[in-house]
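Input: a single structure, listed below in structure tokens.
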Amino acid sequence: MQYQLEKETIIGKILKLNWPLIFLIFLLSVIGLAMLYSAAGGNYKIWMLRQFIYFAVFFPVMIVIAITDVNFWFRHSYKFYFLGISLLLFVYFKGHYAMGATRWFKLGFITVQPSEIMKVFLVLSLAKYFHNIEAEEIQKIKYVAPSLFLIFLPAGLIFVQPDLGTSLILLFVGFVILFVAGVMMWKFVLTGVIFLISMPILWFFFLHEYQRNRIKNFINPDSDPMGTGYNIIQSKIAVGSGGLLGKGFVNGTQSQLGFLPEKQTDFIFTILSEEFGFIGSVSILILCILIVFTSILMATRSLNQYSRLVIVGISSIFFFHSFINIGMTIGLLPVVGAPLPFMSYGGTITATMLIGFGFVLNVGLYNNSELRNKA
């Protein structure tokens, strides 16, 4: 199988990719472009055109990653991790300050947010780490400890930016990989207990005031309806007003009349719910579920630990982003600024998810290949 893939033409490799998964990603992205057109009041130049350029550039990148020999990515997994850490450190010392946080750096006319791509780099590094450990050795603390360091180092650097939402997603994804790799459940329970005990310390000494306000507003958004609770109140009004079939494309009153802030990023799902109603909302949920299900199905067929963990890790990133974004727009979760993959406006999140699923397609294509640490 490995020899055949190495000798096979590029077209042959492309044809063997998981096209149902590619189609689902493409469909969700097209819907996202339509909603950005609507968010701008029917103007394609404000957000839709830029998002289309991001997609047009990185969709081929996804395919290139998918057909590249898996051993190339396997050998360089740790290098990608160190690259991500270096970028996070650069942001910490020399980053671009905006909207109360230092999360970006300028690369010419492009603004890059390293915390997003760090999620993918973390998945690759953890997948390689556990692939090289025998199953019976995984439970030993001397093997678990380094993996925790790999997780908490970038999570800490992202937390101090400050970016609570992204750091939490990074921790969730890391723990999912640990669980699938074979770490015992009681260790996660113990970690959860320690976290609950330490919550007062985190609340008073580590969370910023705006982060505490977001949690307070989640519990009682009506406490400050015209201030910190405004976004979630307007979002729930918009979602509820959509009814069964919605108000129609580019006809959402809450979004079109300017009542909904950050509608192109955090609250893109709200616009869809208002304009296409319950049917539209459920359709997006089904699409997201199908993407996760198709990916996990590939993981169940994987013949090695690296492939399985890469697929689980990337699909976990997609799942947590989708779950948190949709949950916060309907008031089930606090607003933490997690974009909806393939729909929310943003070059970094679009590039990150397309690159991530490029690795999913890659390990699926090279499932039977022997992984080598050296060329």
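Estimated purely from DSSP H runs of n ≥ 4, each contributing -39500 (n - 2.57), the mean residue ellipticity at 222 nm for the chain is -22500 deg cm²/dmol once divided by its residues.
Expressed as a rounded percentage, what relative contact order does region 301-375 have, with Cα pairs under 8 Å and six or more residues apart?
Numbers: 48 pairs, mean separation 28.4, N = 75.
About 38 percent, as a whole number.
In region 87-127, the C-alpha radius of gyration followed by the widest Cα-Cα span (Dmax) gives 11.4, 34 angstrom.
Which of the peptides 264-274, 119-129, 289-299 is most tightly packed, and how do the rest follow, going by the mean number of other Cβ atoms within 10 Å of each residue?
Numbers: 264-274: 27.1, 119-129: 25.3, 289-299: 18.0.
Highest to lowest by the protection proxy: 264-274, 119-129, 289-299.
Sequence gap at least 6, Cα distance under 8 Å: using those rules, report the relative contact order of region 74-340 to the nearest whole percent. Relative contact order of region 74-340: 19 percent. Evaluated over region 74-340, the count of Lys pairs having alpha-carbon atoms less than 23 Å apart is 20 (only pairs 8 or more residues apart or interchain).
Pairwise Cα separations in the chain fall into 20 Å bins from 0 onward with the following percentages, short to long: 27, 58, 14, 0. With neighbours defined as other Cβ atoms within 10 Å of a residue's Cβ, the residues Lys94, Lys247 order from fewest to most as Lys94, Lys247. Taking Cα atoms only, the orientation of helix 114-131 departs from the longest principal axis of the chain by about 30 degrees.
Would you please name the trypsin sites (Lys or Arg not before Pro) within region 275-375 that are DSSP coil residues with at most 15 other C-beta atoms within 10 Å of their C-beta? Please list the in-between numbers first.
On the way: sites: Arg301, Arg308, Arg372, Lys374; in loops: Arg301, Arg372, Lys374.
Qualifying residues, ordered by number: Arg301, Arg372, Lys374.
When only alpha carbons are used to place a centre, region 55-133 and region 248-291 end up 29 Å from one another.
Each value in this text was obtained by applying a stated rule to the coordinates, not by laboratory testing. None of the values given here were measured: they were computed from a predicted structure. Cβ sites come from the backbone with ideal geometry, for glycine too, and all protein chains shown count toward neighbours.
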